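The structure appears right after this line, and notes come after that.
The values are calculated or read from the model by the stated rules, or taken from the named source; none is laboratory data. Keep in mind that this is a model prediction, so the values were computed, not measured. Here the Cβ is made from the backbone with ideal geometry for all residues, glycine too, and neighbour counts use every protein chain on show.
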Amino acid sequence: MKDLSRIEDISLEVPELDQQISGLGSVFGEIIFSHRMEKKLTQKELAHKSGLGVKTIYRAEGGSSNIGIVTYETIFKALDIEVSDYADLFHRSLLALEKKDDVMHTSK
């Protein structure tokens, strides 16, 4: 049985959602990185504050699709990101990533 709290497993279980959620890890990674920088925390400090490993923080910031929703929620909580802020942060980060993607495609 798949663990549907993991982004990667949701894509495997419901293939028609793959395109919509394929960039979710990248977007969450951008959110985590920008908030960590804003709070002037190192990855090690964020790991300690969240109770997670430094490697997990590194993977989350890198956009790994093998990270569970609960782990993202734990990191967001450690960064004082409210659930009500997720949608707005997600939308802004997604727009920024799309802009980067457009620039990369037009420069080729």
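Worth pointing out:
- Of all residues in the stretch 75-108 being among the β-branched types (Val, Ile, Thr) and surrounded by 13 or more Cβ atoms within 10 Å (Cβ to Cβ), the one that is modelled with the highest pLDDT: 75
- Condition check for residue 76 on (1) in contact with a helix residue (DSSP H, G or I) (Cβ under 6 Å, 6 or more places away or on another chain); (2) within 22 Å of residue 96 (Cα to Cα); (3) free of Cβ contacts under 8 Å to residues at least 60 places away in the same chain: one failure, at (1).
- Sole residue being of a type in the set (Phe, Trp, Tyr), at pLDDT 70 or above, out of contact with any Leu (no Cβ under 7 Å at 6 or more places or on another chain) and buried (at least 17 other Cβ atoms within 10 Å of the Cβ), chosen from 58, 72: 72
- Lone qualifier among 49, 44, 55 - being touching a residue at least 24 places away in the same chain (Cβ under 8 Å) and basic (Lys, Arg): 49
- Take the conditions (1) modelled with pLDDT under 95; (2) out of contact with any strand residue (DSSP E or B) (no Cβ under 6 Å at 6 or more places or on another chain); residue 5 misses just one of them, which is (2).
- Criterion (under 22 Å from residue 98 (Cα atoms), of a type in the set (S, T, N, Q) and part of a helix (DSSP H, G or I)) met by exactly one of 84, 64, 34: 34
- For the stretch 8-31, filtering for residues that are at pLDDT below 65 and assigned to a helix (DSSP H, G or I) leaves 11.
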